[in-house]
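Presented below is the structure to which this report refers.
The values are calculated or read from the model by the stated rules, or taken from the named source; none is laboratory data. These figures come from a predicted structure and were not determined experimentally. Because the Cβ atoms are built from the backbone with ideal geometry, glycine has one as well, and the counts that use them run over all protein chains shown. Remember, those area values only see protein heavy atoms, side chains included, never the ligands or the DNA or RNA. Shrake-Rupley method; radii C 1.70, N 1.55, O 1.52, S 1.80 Å.
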Amino acid sequence: MILVGNGNVITCQKEKPFIKGGCVAIEGAAIKAVGTTTDLKKMYPEAEFIDAKGGVIMPGLVNMHNHIYSTFARGLSIAGFHPKNFSDILEGQWFHLDRKLKNTTTYLSGKVAYLDSIKNGVTTMFDHHASYGEISGSLFELSKAADELGVRTCLCYEVSDRNGKSQMKEAVAENIDFMKSVAKRGDDMQKAMMGLHASFTLSDETLEYVKEATPEDIGFHIHVAEGMADVYDSLEKYNKPVVNRLFDLGILGEKSIAAHCIHIGPHEMELLKDTNTMVVTNPESNMGNAVGCPPVLRLFNEFGIVCGLGTDGFTNDLTESYKFANLIHKHHLADPNAGWVEIPTMLFENNPRMANRYFAAKLGVLEAGAAGDVIVLDYHAPTPMNETNYKSHILFGMNGRFVTDTIINGEVKMRNREVVGIDEEKLLADAAEEAERLWQRINE
């Protein structure tokens, strides 16, 4: 039994979202009770006590779209790389990088990304992987890294035709092998999806092949209309918009994630709604790639589509994405009222709802029976903080580095900013050496 108390508890419950002087009791992998520190200490006097010291206690965060393979791009300079558009960025940086990745690189990038997630209070991560330098076994390297760090994760490999049919089939096989492995696990810590890059790198023949190979209970994780090249390709080759094409080929559905969805029209929105497909937007990445602003407020309000937030490899700090999502829509629409309700709903309610289409343990809420995923932040409000304004406090007053303690599945993974069971100094030294080797391969 662990008690995490003496703090302002943000439960994310509808009935009682905020408890001043609150406490969370965790037994095994699940939450046992939520209440005041005084009451729970009386109920469980022998429990280990983690003192929030007047800070904030809240559910672990869920990242619904990430790219771990981008970890070692931080600080990278590619000779002759001067992109003029998003297609240049993909071909000149990301496709070039992933063709140089080996399983040793994938493993260490996974260790660093999961470590960074723990330090930023992210307890569940959906990743979209590519490493065409070494495909077979790559998801298992990420799986190993996730197990060693103890982060809840859902993995897939990015199937694409861009490197030929042989590697496309090898990528499909890697997804299937990992799905079979995950199905044999007795825990609720890892799940699998079928990864797809984007419509413009996937032929109808490939999508039909992938669809036939994918079990009925597994969805697809695919980039949708992130750049205009995706839109033009679908219209020119298939005479239909991207989402229509994916619908016709059976890729949409309640277990599928459509990432980005920047350049889509009303009929495509209807198809996403009718198929109950999840949409995940990634504001920082979209701004960095200069691809535009997704119509997420329209998706959310007009069509009632379940929309969430991801980081797309730009960062592992979801509170950063919360801030940027709040800003991008205000800026794009020139409306200071835009996004106040929708964006926090996406992060704190929809992300866990979407993750629970795969994971059994209830995520994103502090209540009896929910997953024992709890974080503590060293935040002491200079103004009143209560159930009506705590989201504003998170938006304007906190970021990932405020996290001091992270508990995942009932196990303490970080205590007083010290990650448990990991030699962080050695990991980062090993990662730096591997990154240097990767950079040499990229620029040779």
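Key figures
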| item | result |
| --- | --- |
| Prolate/oblate/rounded label for segment 332-404 (Cα gyration tensor, a/c 1.5) | oblate |
| Net charge of neighbours whose Cβ lies under 12 Å from the Cβ of residue 142, counting Lys and Arg as +1 and Asp and Glu as -1 | -3 |
| Relative compactness, segment 279-326, computed as alpha-carbon Rg over 2.2 N^0.38 Å | 1.11 |
| Overall Cα dimensions of segment 138-180, principal axis frame, Å, largest first | 35, 19, 13 |
| Distribution of pairwise C-alpha distances over segment 9-75, 10 Å bins, in % | 16, 41, 20, 16, 7, 0 |
| Spatial extent of the chain: Rg and Dmax, with the Cα atoms as the point set, Å | 21.3, 68 |
| Isotropically averaged projected area of segment 104-173, using the convex hull of Cα atoms (one quarter of hull area), nm² | 4.4 |
| Kirkwood Rh in Å, taken over segment 67-133 so that all alpha-carbon pairs contribute | 12.9 |
| Residue 415 accessible area, 1.4 Å probe, all protein chains in place, Å² to nearest 10 | 70 |
| Cα principal axis extents for segment 211-317, largest first, Å | 35, 32, 29 |
| Average accessible area per residue (Å²) across the chain - probe 1.4 Å, nucleic acids and ligands excluded | 39 |
| Value of Rg to Rh for segment 57-104 (Rh from inverse mean 1/r over Cα pairs, i.e. Kirkwood) | 1.12 |
| Over the chain, relative contact order from alpha-carbon pairs under 8 Å, at least 6 apart, % | 21 |
| Surface share of carbon and sulfur [accessible, 1.4 angstrom probe, percent] for the chain | 51 |
| Cleavage-rule hits (trypsin sites (Lys or Arg not before Pro)) in segment 147-238: DSSP loop, at most 11 neighbouring Cβ within 10 angstrom | 184 |
| Directionally averaged shadow of segment 230-377, computed from the convex hull of its alpha-carbon atoms, nm² | 10.0 |
